[in-house]
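Data first, discussion second: the structure below is written as structure tokens.
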Amino acid sequence: MNREEAVLRELNLYPLWQQRGQPAPVMAPVEVPVTEKTAAGSDKGREQLVRELDWPKLKSMVSECTACGLRAGCTQTVFGSGDEQADWLFVGEGPGADEDAQGEPFVGQAGKLLDNMLAAIKLKRDKNVYIGNVVKCRPHDNRAPHADEIASCLPYLQRQIELVQPKLIVALGKTAADALLGRDDTIASMRGKLHDYRGIPLVATYHPAHLLRTPLDKAKVWEDLCMAVATMSATEK
């Protein structure tokens, strides 16, 4: 068995496809040490395997993932999009109805507002910008993802960050900031200061969807974006 097959089997995704008219290959099961497994159904071996994937294999893993219950209730996974070598990485919570339908992150009203936010600091989607979410499947009724759902999906986001190697991360909303920083704090307490994600500067600010409900907070987001621009400028000197 080659390494790719072992990876797919470990994530319960093998085989990804089968040539029409051909019998499915019979493979011996890959044993995972029981001591590494967690109650959430994830394990250290799975996380390590995800960390070894390149872009195509990671996208395939995400598209076929059934590690939590979210996949059963959504139309499709929403992997992320943009410049895969971007300096800027924006991370949201998860797909909404529009994103679930189109398979792209931030394409609804919140996405239009995010585009305006990017334009305000002279950035543009897909140009030196990568956009992703903590969870790749839409939670039912656009609720916040549960802790076990975040835990199942977080290794994918972490691998995306490793592959992009951004110079700065902007966490959009509490879910994104808490997941990346390993905290349980409010955005109000986290914004206005610079954080660190594994050596990468991280700025936490309000999610665009929040701004649609509370437009007065746009001034606070502008302050956070200005801090992000200043931080990026400092890293480039």
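Where a number appears in this text, it was derived from the coordinates with a stated rule and is not lab data. Bear in mind that the values here come from a model prediction, so they are computed numbers and not experimental data. Here the Cβ positions follow ideal geometry from the backbone for every residue, glycine too, while neighbour counts run over all protein chains shown.
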Multiply the residue separation of ASP98 and GLN48 by 0.36 nm, subtract the distance between their alpha-carbon atoms, and state the gained length in nm to one decimal. 14.8 nm
Placed amide H near VAL134: partners under 5 Å, 5+ positions off or other chain: GLY92, GLU93, GLY94
What's the extension gain from ASP217 to TRP55 if we count 0.36 nm per residue and subtract their Cα-Cα distance? 54.7 nm
Using each residue's phi in segment 137-143, evaluate 6.51 cos²θ - 1.76 cosθ + 1.60 at θ = phi - 60° and report the 3J(HN,Hα) Karplus result to the nearest Hz, with x for Gly and Pro. 10, 6, x, 4, 6, 6, 5
Residue-wise HN-Hα coupling along segment 178-193, computed from phi with Karplus coefficients 6.51, -1.76, 1.60 (Hz; x: Gly, Pro): 5, 5, 6, 9, x, 10, 9, 10, 7, 4, 4, 7, 9, 6, x, 9
Interchain or long-range residues, amide H under 5 Å from TYR197's placed H: LEU202
Principal axis lengths of segment 107-171 from Cα atoms, whole Å, largest first? 37, 29, 15
Percent of C-alpha pairs per 10 Å bin, segment 170-237, short to long: 22, 53, 23, 2
Using a basic spin-label model with each label point 7 Å from the Cα along Cα→Cβ, how many nm lie between GLU162 and ALA144? 2.8
Could you work out how much longer the chain between SER63 and LYS122 gets when fully extended? Use 0.36 nm per residue separation minus the Cα distance between them, nm to one decimal. 18.0 nm
Can you flag which of LYS136/LYS193; LYS127/LYS174; LYS57/LYS122 are past 30 Å Cα-Cα? LYS57/LYS122
Considering amide H positions built from the backbone, and no H for Pro or chain starts, which residues 5 or more places from HIS207, or on another chain, come under 5 Å of its amide H? GLY173, LYS174
